[in-house]
Amino acid sequence: MSRSWRMSSLCLCALVAVGCAADRTNTAPPTRPSPADAATAPDADAPDAPDAPDADPSAADAGADAGAPLEPLASCLSAPSPPDAPEQDWEHTRNEIVTLGSDEHTSQDTLAVTTKEARIEGKFAYGAVSKDLEDEWVEVFLDDCSGAFVKLGERLTDSDGRVAFSIAPEALPTPGTYAVYLRVKGDQTSARSVLRVFPEGTRLMVFDIDGTLTTKDSEIFGDAIADFFEPIYSGDVVPEARPKAAEITTARAAQGYQLVYLTGRPYVLTRITREWLITQGFAPGTVHVTNSNREVLPNDSGVGEFKRGYLLSLKALGLEIEAAYGNAETDIFAYAGAGVPPARTYIAGEFGGDGGTQAVGDGYESHLPVAAAEPDAAQPFAWP
């Protein structure tokens, strides 16, 4: 079947919707998580120009003893793929048919804090219709800065082809960025993502992608979302970035903010989204996409609620959302619902200024110098 059919089936049925790793060197080797101790049991249901605020010096003490030196961030992203292992017999003979199609696996990037459990998730499917791989073993690996991936454990996929692997707080590596590698034991196919571990109080900057960093948004197509996303999936269309869009992300990263790219794109576009951010020169950051067709719906109860819920989950971890960039009414809804002040909500395009938000126009040429003049973020870790 055609990829167009697949995208229609994924997106239109909803209408009834980099990790970016610019630094490829390993630095500041952390304590290695013990594979025997790393996992906790997964959940049973385991299956995106106002005045600048003054920097808060007290925030730099978050998660650290007063007067203690701040811990530098590790960067563990360059380990080679784990060596191939002998292919294991499938748990179910039906999966010999399922896996005849091309693998279309994905894994969400994970944001975690040092004091709470982290959860690594993957979705495993094959072929043009994205047939789920059910009840099969998946290995979970982490680049621990030793120069190789260390195996954390294994999980069985559920009825939706998903796995969830939890790491207890005491088994988490030190603050930093870590490559994650998930591998199907039956055929050695894999998915990659990034785990980022920070102290509580870390300050984030959130960016929507389509219509915010790009010149087009899926929402303008209404019920023709598949027609918008399918050319991106097939590679026929490379989205055009708004003027100075990449530069605003690099400016914010240079100020010390950790970036989050929160998008209503379907999960099948995870890899392509990461590649686009890298090739277009956007700053590294956590990429979070939708997990279901319902979350892609272009309204407040669909993509709006998806974004709001994810941002609230970050705040529940103890992370601080300093500002957010978007373009759509659903972005305004989501950011307001997550407690982002209108004065720190930057909206590109026609809805800029709605609800007291800050209009940035059709490009970031005027906004960029204003944003770059803001003080650096006060983070609870040593910034290189």
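Observations on the structure shown:
- Separation of the D300 and L156 label points, Cα + 7 Å toward Cβ, nm: 4.3 nm
- Amide H to amide H, with H built 1.01 Å from N, G153 comes under 5 Å of V140, counting only residues 5 or more places away or on other chains.
- Shown is the FRET efficiency for D376 and S146, computed with R0 = 25 Å from the Cβ-Cβ distance and rounded to the nearest 0.05: 0.20.
- Three-way shape label, the stretch 254-304, alpha-carbon gyration tensor, a/c 1.5: oblate
- Protection proxy ranking for 240-247, 174-181, 92-99, 132-139, using the average of other Cβ atoms within 10 Å per residue and placing the highest first: 174-181, 132-139, 240-247, 92-99.
- Added length on full extension, which subtracts the Cα-Cα distance from 0.36 nm per residue, Q88 to A168: 26.0 nm
- Under-5 Å amide H pairs with T189, H placed in peptide plane, nonlocal only: V184
- Each residue, Q188 and D354, gets one label point 7 Å from its Cα in the Cβ direction; the gap between the two is 5.1 nm.
- Sorting 110-122, 263-275, 153-165 by average packing, meaning the other beta carbons within 10 Å per residue, from highest down gives 263-275, 110-122, 153-165.
- The length gained on full extension between T279 and D362, counted as 0.36 nm times the residue separation minus their Cα-Cα distance, comes to 27.7 nm.
- Table column - 3J(HN,Hα) (Hz), the stretch 110-125, Karplus curve with 6.51, -1.76, 1.60, x for Gly and Pro: 10, 9, 9, 10, 5, 9, 9, 4, 9, 10, 9, 10, x, 10, 10, 8
Bear in mind that the values in this text are calculations on the coordinates, not laboratory data. Computed from a predicted structure; not experimentally measured. All Cβ positions, even for glycine, are placed from backbone atoms using ideal geometry, and neighbour counts span all protein chains on display.
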